[in-house]
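Encoded as structure tokens, the structure appears first; notes follow it.
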């Protein structure tokens, strides 16, 4: 048996497990995989995406997985190429996204001999990978069992779905001497089983309870929101994946109500948290109060001590919420929410800042919206209405790297299912610059119809609203936190033949978003960072003031 035979067996095992999108970065040691994947695509067995940058490739696979709900695969050569997958592997792990990370390697006996391009690849991703297996092309009797165990761990690990590493020890010759490519999957052949969902749960809440729904699976979010709203409890849905299940009966301004005196004047006796909140500091602050009981429900088995409450999360895939709400309490939250929303809309209409631009993007209602961590997701949390919207975020590790590629992958997956669906990504300038190689796409590669909105304030605006943005640290703030770069987004787009348009007003942005792109385009929205801290603090103060007026 040979390296080519092992490549064929690996790809076929992944196809059998339901993988249809493979992302490949070029190299020498992964030659047999590259040739087999290209041939398999030509025969209609899979869809291949080639990227020259391994970090971009891994985030593309991540986006494809998030957009399709299916496991994906990313393939690299040996050495530091495999190390560049690590950031996306971490995000896949924390966001419970199944992904096969296939790393070509030299035989393990060559480690430490001075052989070129050899590093300790097996287990390179630590506990971010559900399992790491090494398959030796000289031991064909081990292939089936080892590949099966590695692939199965993508969906059945006790830690939940996530990435696995399949490391292949390949010895020359690396090219086939025949045309006996992958055997197509036959009728009756079965894929590895998907994980068994946790049982449904039911919770009875007291009269004065608050429900927060954050990052979790669609079924859990939808069932929790639906039953909590039906019972009359105030429901705050964090911007993120849970927005797909939100509706007008949910709190519009929950991010501000939690910062206001409402939590004292109309204090909830019980806080029910569904999923993993990542955006709002007031949520863990409320959970830490001794006079508030806390229950956390999650479909993520790795959530051991959420919000440091000292209690494990209740594991469930769906949730029914029962109870009789205190009508006066619920009405106070509703009245405060209406007043806050009215103030938010007035502020948004008065000034075209980052928050207002975000509101325009949200109101354009794309079928898929990919949002960067940092300020864009927080502005969406504060400015958008709570209408059902499919939002993809990389909030597992809350990084800003790889977001162009994640967006491309999610859009490709969405439009494979529905070619007419629209896709928009909302990124800050630093997130965009972090993954400009995501725009380096070969002419033969699949491309989605995707609009990337770049809110360009020439630096890291989020730091202005954090502790380091205080006047005490102003002397060094711009260099080490603001990090102005002066980069021309237009010229970057020209260098990659990406369609570009500059939108300086609300009307220009709204008009551009009303047009469907042919391929990938970038809409740059210039935004000032001047007085960023003061503007955001003043905005929050006015919205919280509107809340205070309803309870004083």
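The values are calculated or read from the model by the stated rules, or taken from the named source; none is laboratory data. All values derive from a computational prediction rather than experimental measurement. Cβ atoms come from the backbone with ideal geometry, glycine included; neighbour counts cover every protein chain shown.
Here the condition is being modelled with pLDDT under 85 and either assigned to a loop (DSSP other than H, G, I, E, B) or under 28 Å from residue 217 (Cβ atoms) (or both); of 203, 182, it holds for 182 alone. Checking 527, 441, 452, 462 one by one, the residue that is more than 17 Å from residue 360 (Cβ to Cβ), surrounded by 18 or more Cβ atoms within 10 Å (Cβ to Cβ) and at pLDDT 90 or above is 441 and no other. Scanning segment 123-141 for residues that are under 24 Å from residue 79 (Cβ atoms) and surrounded by fewer than 17 Cβ atoms within 10 Å (Cβ to Cβ) returns 123, 126, 127, 138, 139. When 126, 160, 150 are checked against the criterion of being modelled with pLDDT of 95 or more and on the phi > 0 side of the Ramachandran plot, a single residue qualifies: 126. Of the residues that make up segment 485-494, is at least one in the same structural domain as residue 431 (by TED's automatic domain parsing), under 28 Å from residue 540 (Cβ atoms) and surrounded by fewer than 21 Cβ atoms within 10 Å (Cβ to Cβ)? Checked against the condition, which is being in the same structural domain as residue 431 (by TED's automatic domain parsing), under 28 Å from residue 540 (Cβ atoms) and surrounded by fewer than 21 Cβ atoms within 10 Å (Cβ to Cβ), segment 485-494 yields at least one hit.
Filtered by the rule that a residue be modelled with pLDDT under 95 and buried (at least 21 other Cβ atoms within 10 Å of the Cβ), segment 18-29 gives a lone residue, 29. Looking at segment 356-437, the strands (runs of 3 or more DSSP E) lying wholly inside it that each contain 2 or more residues that are buried (at least 24 other Cβ atoms within 10 Å of the Cβ), free of Cβ contacts under 8 Å to residues at least 60 places away in the same chain and touching a strand residue (DSSP E or B) at 6+ places or on another chain (Cβ under 8 Å) sit at 423-428. Do we have any residue at all in segment 143-162 that's within 22 Å of residue 7 (Cα to Cα), in contact with a strand residue (DSSP E or B) (Cβ under 7 Å, 6 or more places away or on another chain), surrounded by fewer than 21 Cβ atoms within 10 Å (Cβ to Cβ) and touching a residue at least 40 places away in the same chain (Cβ under 8 Å)? Looking for residues that are within 22 Å of residue 7 (Cα to Cα), in contact with a strand residue (DSSP E or B) (Cβ under 7 Å, 6 or more places away or on another chain), surrounded by fewer than 21 Cβ atoms within 10 Å (Cβ to Cβ) and touching a residue at least 40 places away in the same chain (Cβ under 8 Å), one finds at least one in segment 143-162, hence yes. Just a yes or no: is a residue in segment 538-552 in contact with a strand residue (DSSP E or B) (Cβ under 6 Å, 6 or more places away or on another chain) and assigned to a loop (DSSP other than H, G, I, E, B)? Scanning segment 538-552 turns up no residue that is in contact with a strand residue (DSSP E or B) (Cβ under 6 Å, 6 or more places away or on another chain) and assigned to a loop (DSSP other than H, G, I, E, B).
Yes or no, residue by residue, for (1) touching a strand residue (DSSP E or B) at 6+ places or on another chain (Cβ under 7 Å); (2) in contact (Cβ under 8 Å) with a residue 24 or more places away in the chain; (3) closer than 24 Å to residue 87 by Cα:
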residue: 4; (1), (2), (3): no, yes, no
residue: 7; (1), (2), (3): no, yes, no
residue: 11; (1), (2), (3): no, yes, yes
residue: 15; (1), (2), (3): no, yes, no
residue: 19; (1), (2), (3): yes, yes, yes
residue: 33; (1), (2), (3): yes, yes, yes
residue: 46; (1), (2), (3): yes, yes, no
residue: 51; (1), (2), (3): yes, yes, yes
residue: 58; (1), (2), (3): yes, yes, yes
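Just one of the listed residues (528, 497) is more than 26 Å from the chain's Cα centre (by Cα), touching a residue at least 40 places away in the same chain (Cβ under 8 Å) and not in a helix (DSSP H, G or I), and it is 528.
Taking residue 350, is it farther than 18 Å from residue 513 by Cβ and at pLDDT 95 or above? Judged against the criteria, residue 350 is not a match.
Considering the conditions (1) more than 27 Å from residue 417 (Cβ to Cβ); (2) out of contact with any helix residue (DSSP H, G or I) (no Cβ under 6 Å at 6 or more places or on another chain); (3) surrounded by fewer than 20 Cβ atoms within 10 Å (Cβ to Cβ), residue 78 is excluded by exactly one of them, (3).
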